[in-house]
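The next block holds one structure in the form of C-alpha cells; read it before the comments.
Nothing in this text is a laboratory measurement; each read-out follows from the coordinates by a stated rule. The shown structure was predicted, so the numbers you read here are calculated from the model rather than taken from an experiment. No Cβ is skipped: glycine too gets one built from the backbone with ideal geometry, and neighbour counts run over all protein chains shown.
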Amino acid sequence: MVARQEDQARSAGPVAGVSDPAGEVRPAYRFDEAALAEWMAAHVEGFAGPIKVQQFRGGQSNPTYRLTTPARTYVLRRKPPGPLLPGAHAVEREARVIGALYGAGFPVPRLYGLCEDAGVIGTAFYVMEQVEGRIFWDASLLELQRGERAAHFDAMNATIAQLHAIDPAAVGLGDYGKPGNYFVRQIGRWSKQYLEDDAGRDPNMDALVEWLPANIPPGDDAALVHGDFRVDNMIFAAAKPHIAAVLDWELSTIGHPVADFAYHALMYRMPAELGAGLAGRDLGELGLPSEADYVAAYCARTGRRSIRAYDFYVAFNLFRLAAIFHGIKGRVIRGTAASANARQRADQFPLIASLARDAMEACR
C-alpha cells in the first residue's frame with residue numbers, strides 16, 4: 001500500500017481521454033505488438049487487427065496506451081517494465097474493481113480482458129474501452145463557461161456519493177480491503193514512515209503524529225473508496241455535466257468514505273502551485289460552489305446531517321500527502337530520486353505539512 005500511494009505523488013494525471021493526447025511509444029515502454037494482437041484475437045470479443053499502438057502522456061505510474069483498430073479503439077494499461085516493489089503497480093486490482101463497478105452501473109470503462117502472463121508483452125496488463133469525453137486538468141474548469149461550472153462540480157459530487165453507496169460485497173468486492181480501524185492503521189503507517197526516514201524532522205509533522213491518533217472521530221464507516229478522486233481522474237461527457245468514466249483505480253480499497261471525500265475536496269485547500277487547486281481564488285467569480293456548500297451536498301446525498309470534525313479528515317489527508325512528499329525528499333537526499341518532479345515534491349513538503357497543521361488547529 002505504501003508503494004502504491006507513493007505512485008500517487010508521481011502520477012501526472014488520468015489514464016486516457018481526448019484531452020490526454022497519445023503519441024509515439026517511448027523507447028523504454030515499447031513491447032511486442034504482434035504478441036499483443038495475438039492475445040487480443042484469442043481473448044477480446046470482436047477484436048480484429050491491425051493495431052496501431054500509441055502511448056498517453058498521463059498514467060505515468062502504470063504506462064497507458066491507445067490501441068486503434070479499424071473497428072474500435074481500446075486502452076491498454078500495464079505494469080511498468082523492470083523490478084517493482086511488492087504490491088506496487090497492481091493492475092490486477094484495477095481490472096478487478098473496474099469489472100465489478102461496470103457491472104454495477106457505475107461510470108467506468110468496460111473491461112475487455114486482463115492478462116497476468118508477463119510473457120505476452122513483458123508485464124501484466126489489461127485492456128478496456130476508450131471512453132470519449134473531456135478531461136479537465138485544473139479544478140477551476142476554466143475551459144467551461146462560468147454558468148456551466150457548478151453543474152460539473154455537482155456531477156463530481158454525485159458520482160463520489162454514488163461510489164460510497166455501493167455495497168462492496170454485493171459487487172464481489174467484499175474482500176477488497178480491510179474494513180475497520182482505517183485511521184488507526186493509516187496514521188500508524190504514515191507516522192512510522194515519517195519517523196524512520198532520514199529526511200529530517202518537521203515541527204508541524206511532529207505535532208500531527210501526536211495529535212491525529214488521539215483525535216480520531218467516532219464511527220468506523222467502511223465503503224469502497226477510490227483513493228485519488230481528483231477532477232483530472234474523470235472523463236466528463238462531451239456536451240453535458242455528466243461523468244462518463246472515473247479513471248485510475250490503483251489506490252482503491254475498502255476504507256473510510258469521508259476520508260475519501262475529504263481527499264477529493266482538498267482541491268479547495270490546495271494552492272495553484274500544488275496541483276491547480278482553488279485556495280485563494282474567488283469561487284463566486286468562477287461560478288463554483290463554496291467548500292461548505294460542496295460538503296453539504298455530499299452529506300445530503302449520503303444521508304448525513306453534517307460531517308463532525310471535518311477538518312480532522314482534511315488534516316489526515318494532508319498529513320498522508322506530506323508523509324509521501326517527505327519520503328520523496330529522503331530519496332532526493334540519498335540520491336535515489338533525481339528527477340525534477342521528485343525535487344519539486346521534496347521542496348513542497350514543508351507547505352503541505354503546514355497546511356495539515358492549519359487543518360489540525362481548526363479542529364481545536
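Size descriptors for the stretch 35-166 (Cα atoms only): Rg and Dmax, in that order, 16.8, 51 Å. Among A158, G287, P179, whose Cα sits farthest toward the positive end of the charge dipole of the stretch 146-362 (+1 at Cβ of Lys/Arg, -1 at Cβ of Asp/Glu, about the Cα centre)? Farthest towards the positive end: P179.
With N the number of residues in the stretch 146-362, Rg(Cα) / (2.2 N^0.38 Å) evaluates to 1.04.
Taking the convex hull of the alpha carbon positions in the chain and averaging its projected area over all directions gives 18.0 nm².
Computed from point charges on the beta carbon alone (+1 for Lys and Arg, -1 for Asp and Glu), the dipole magnitude for the stretch 137-269 about its Cα centre is near 280 Debye. When the chain is described by a simple charge dipole with +1 on each Lys and Arg Cβ and -1 on each Asp and Glu Cβ, the residue from A359, W39, G147 located farthest towards its positive end is A359. The Cα atoms of the stretch 189-274 cover 48, 34, 22 Å along the three principal axes, with the biggest extent listed first. Ordering L266, F325, G255 by the projection of their Cα atoms onto the charge dipole of the chain, which places +1 on the Cβ of Lys and Arg and -1 on the Cβ of Asp and Glu, puts F325 at the extreme positive end. For the residue pairs K52/K329; K240/K329; K79/K178, the C-alpha atoms sit more than 32 angstrom apart in K52/K329; K240/K329. Compactness ratio for the stretch 154-230: Cα radius of gyration over 2.2 N^0.38 Å (N = residue count) comes to 1.40.
Across the stretch 131-275, the fraction of Cα-Cα pairs farther apart than 19 Å, rounded to a whole number, is 61%. Screening the chain for DSSP H helices whose Cα atoms reach 27 Å or more along their own axis and whose mean Kyte hydropathy is at least -1.0 gives 146-164, 310-334, 340-362.
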